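The values are calculated or read from the model by the stated rules, or taken from the named source; none is laboratory data. A quick note: this is a predicted structure, and the numbers were derived from the prediction, not measured. Ideal geometry is used to build each Cβ from the backbone, glycine not excepted, and the neighbour counts take in all protein chains shown. Protein only, heavy atoms only, side chains kept; ligands, DNA and RNA dropped before computing areas. Shrake-Rupley method; radii C 1.70, N 1.55, O 1.52, S 1.80 Å.
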Amino acid sequence: MLRPISFLVVKAVLPFIFALVFACAAAGSASDKPSDQTIRSQIPGAWISQETLDGQRTMLTVEYRSDGTFGASARMTEGRYSIKLVLTGTWRVHNGYLISHTEATGAPPRVTTHEVVAVNESMLVLRDREGNIAVKRRAK
């Protein structure tokens with residue numbers, strides 16, 4: 001059994017240890033961040049991911065083209081009803097962020113910004129403004 005003084009010491013020191021670990025992790029991830037040029041060269045192609053659209057999990061397929069345009073589609077199902085969403089737009093990379101201008105039929109244009117956490121020939125990891133992570137895998 002821990003004595004009260006030992007518990008208080010652990011309770012006081014633990015936040016400092018967590019802060020040190022998070023500071024080191026943040027410093028390491030900042031230097032490992034891919035350059036804009038690397039991101040631009042790796043993104044073109046078709047990607048598949050599980051995403052939440054309007055509160056529903058769905059399979060999203062996006063094809064980023066090297067000319068800066070993209071096309072995306074997702075199928076949403078509610079009970080016996082199903083609808084296929086088709087999106088088009090443009091994309092660009094700036095300071096480590098993937099910026100997409102989306103146009104959808106019946107909806108106003110929308111700009112989304114995602115931090116590119118990692119990218120390679122088979123995986124694209126994005127973080128939105130709320131800190132949610134989306135992992136996309138290259139379609140075969």
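Some notes on this structure:
- Qualifying residue in the stretch 71-87 (condition: in a strand (DSSP E or B), closer than 16 Å to Q42 by Cα, open to solvent by less than 80 Å² (accessible area, probe 1.4 Å) and not hydroxyl-bearing (S, T, Y)): no
- Remark: pairs (first residue in the stretch 109-130, open to solvent by 80 Å² or more (accessible area, probe 1.4 Å); second residue assigned to a strand (DSSP E or B); Cβ separation under 6 Å; 6+ apart in sequence or on different chains) = P109/E103; R110/T102; V111/H101; R127/E115; R127/V117; R127/I133.
- Scoring R92 on the criteria (1) open to solvent by less than 90 Å² (accessible area, probe 1.4 Å); (2) under 27 Å from Q37 (Cα atoms) leaves a single failure, condition (1).
- If you go through the stretch 96-107 and pick out every residue that is under 15 Å from the mean Cα position of the chain (by Cα) and either part of a loop (DSSP other than H, G, I, E, B) or farther than 21 Å from V117 by Cβ (or both), you end up with 1.
- Test: residue in the stretch 26-47 that is assigned to a strand (DSSP E or B) and modelled with pLDDT under 85: no
- Candidate set: the stretch 49-70, residues that are open to solvent by 40 Å² or more (accessible area, probe 1.4 Å) and of a type in the set (A, V, I, L, M, F, W, C); chosen: the one modelled with the lowest pLDDT: L53
- Qualifying residue in the stretch 51-60 (condition: closer than 20 Å to A139 by Cβ, among the charged types (D, E, K, R), part of a strand (DSSP E or B) and touching a residue at least 12 places away in the same chain (Cβ under 8 Å)): yes
- Listed by first and then second residue, the pairs with beta-carbon distance under 7 Å, at least 6 apart or on different chains, first residue in the stretch 75-91 and more than 16 Å from T58 (Cβ to Cβ) and modelled with pLDDT of 90 or more, second open to solvent by 70 Å² or more (accessible area, probe 1.4 Å) and not small (G, A, S), are T88/E103; G89/E103.
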